[in-house]
Amino acid sequence: MTSAGPRWLDQRLAAGEIVIIDGGVGTELEARGAVMDEGAWCGPANLEAGELLSQIHSDYIAAGADVVIANTFAAGRQALEPSGFGKQVVEINRRAVEYAVQARDRAEREVAVAGAISHFIAHDAGAEWRQPERLAACFREQAETQAEAGADLIALEMMQRLEYAEAAMAAAQTTGLPVWLGLCARRAPEGTGFVSFAEPPYAIEPMFAAADRLGAGLVTVMHSDVDVTAALLDLLQPHWSGPTGVYPESGYFEMPHWQFIDIISPADLAVEAERWIAAGCQVIGGCCGIGVAHIAKLKQALPSHLPGRQGES
């Protein structure tokens, strides 16, 4: 079995335990007053909001998170250099992981720090940044920096294009760290089926179909609306036999700000999570728009193990 994290995390998953991950970090930064960049969204905040970022990670851990994800979703060179932060790419990634590690080290229990890689590209970046070879170099830079800074694993987030996912997976695997694969989708505009978040939208089935062969230790359905998460888990199920996670979003994005509109309540999120657990999902958290109160409610309300696996070792 491919590792999903530190040994203790693999042992908990093998025993059927429910593992709690954090909520949104970029949106929590914005909710607490951090400045969002017009081109690179939350990535540059690592330079000026370090104390706040470390506190957010600590708050998620106190709420019950077993895994915290560094604020590097929007910290690839393809996001930062077109936005004027090309000379600070390494520093922004290093600081993000170090702030998460600081919070982990303050905890009085085992917590894993995940680095994060996505193919988020600056709002006004040129077409050259969308070339797979160019992105592959960006992914390698991020993976190496995050590993050196102390990440326990690397989460590939919001993977929608197969050629990008393959390049990101190859980059992450060179570090020797466990890798999570994060898949996402939205309902097609015509209301039938699912498509990418990119415009124009394209089919996401090839990305889901490749889940098993890409070599991840855990596959998550993430950055997708709560209302479509169960259907996306069904879409994933024929293509993946390993441990599964979810961290959905609530609200919507209008660059460079998250719109905290119609955010699901913590209690309602816990009800939805119980359904995902009944379907075999083992790692539960939240993405954009989901905050500390949501994670605390998940920790308080959810069972300790998958159905029928209490007491396994």
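Only protein heavy atoms count here; on that basis, with a 1.4 Å probe, Phe120 has an accessible area of about 40 Å². Put a dot 7 Å past the Cα of His123, heading toward its Cβ, do the same for Met255, and the two dots end up 0.7 nm apart. When the chain is treated as a Gaussian network with alpha carbon springs shorter than 10 Å, the biggest mean-square fluctuation among Gly242, Gly76, Gly39 belongs to Gly242. Considering only the Cα atoms of the chain, their convex hull presents on average a projected area of 14.3 nm².
Remark: region 230-240, residue by residue, has Karplus-estimated 3J(HN,Hα) of 4, 5, 6, 4, 4, 5, 6, 3, x, 10, 8 Hz, where x stands for each Gly or Pro and the curve is 6.51 cos²θ - 1.76 cosθ + 1.60 at θ = phi - 60°.
Antiparallel DSSP bridges in region 184-252: what percent, to the nearest 5? Walk me through the numbers on the way to the answer.
On the way: 3 of 8 bridges.
Approximately 40 percent, going by the DSSP bridge assignments.
What does DSSP give for the chain in terms of the percent of beta bridges that are antiparallel, rounded to the nearest 5? Walk me through the numbers before you get to the answer.
Working: 8 of 33 bridges.
Percentage antiparallel, nearest 5: 25.
Only helical runs count toward this figure. For the chain, summing -39,500 (n - 2.57) over DSSP H runs of n ≥ 4 and dividing by all residues gives -11500 deg cm²/dmol at 222 nm.
For the set Arg32, Arg95, Arg275, Arg140, solvent exposure ranked by accessible area (probe 1.4 Å, protein chains only) runs largest to smallest as Arg275, Arg140, Arg32, Arg95. Taking all C-alpha pairs of region 117-247, those more than 17 Å from each other amount to 57 percent. For trypsin sites (Lys or Arg not before Pro), the sites in region 173-273 that DSSP calls loop and that have at most 12 other Cβ atoms within 10 Å are Arg213.
For His223, the solvent-accessible surface with a 1.4 Å probe is about 20 Å², rounded to the nearest 10. Rounded, prolate or oblate: which fits region 79-125 when a ≥ b ≥ c are the square roots of the eigenvalues of the alpha-carbon gyration tensor, with rounded for a/c under 1.5 and prolate only if a/b beats b/c? Prolate shape, in that a/c is at least 1.5 and a/b is the bigger ratio. Shown here for region 141-201: GluC sites (Glu not before Pro) in loop regions (DSSP other than H, G, I, E, B) with at most 16 other Cβ atoms within 10 Å, namely Glu190.
Taking only the alpha carbons of region 1-145, we obtain Rg and Dmax values of 15.8, 47 Å in that order.
Find the accessible area per residue for region 1-128; the probe is 1.4 Å, ligands and nucleic acids are left out, and the unit is Å². Walk me through the numbers on the way to the answer.
On the way: 4660 Å² over 128 residues.
About 36 Å² of surface per residue is accessible.
Placing dummy labels 7 Å off each Cα toward the beta-carbon, the span from Gln300 to Leu52 is 2.6 nm.
Quick one: grab the alpha carbon gyration tensor of region 87-153, order the square roots of its eigenvalues as a ≥ b ≥ c, and give me rounded if a/c is under 1.5, else prolate or oblate depending on whether a/b is larger than b/c. Working shown, then result.
On the way: a/c = 2.81, a/b = 2.54, b/c = 1.10.
Taking the square roots of the gyration eigenvalues as a ≥ b ≥ c, region 87-153 is prolate.
The values are calculated or read from the model by the stated rules, or taken from the named source; none is laboratory data. Please read all numbers here as calculations on a predicted model, not as lab measurements. For neighbour counting, all protein chains shown are included, and Cβ atoms are generated from backbone atoms with ideal geometry for every residue, glycine included. Calculation scope for accessible area: heavy atoms of the full protein, side chains included, ligands and nucleic acids excluded. Shrake-Rupley method; radii C 1.70, N 1.55, O 1.52, S 1.80 Å.
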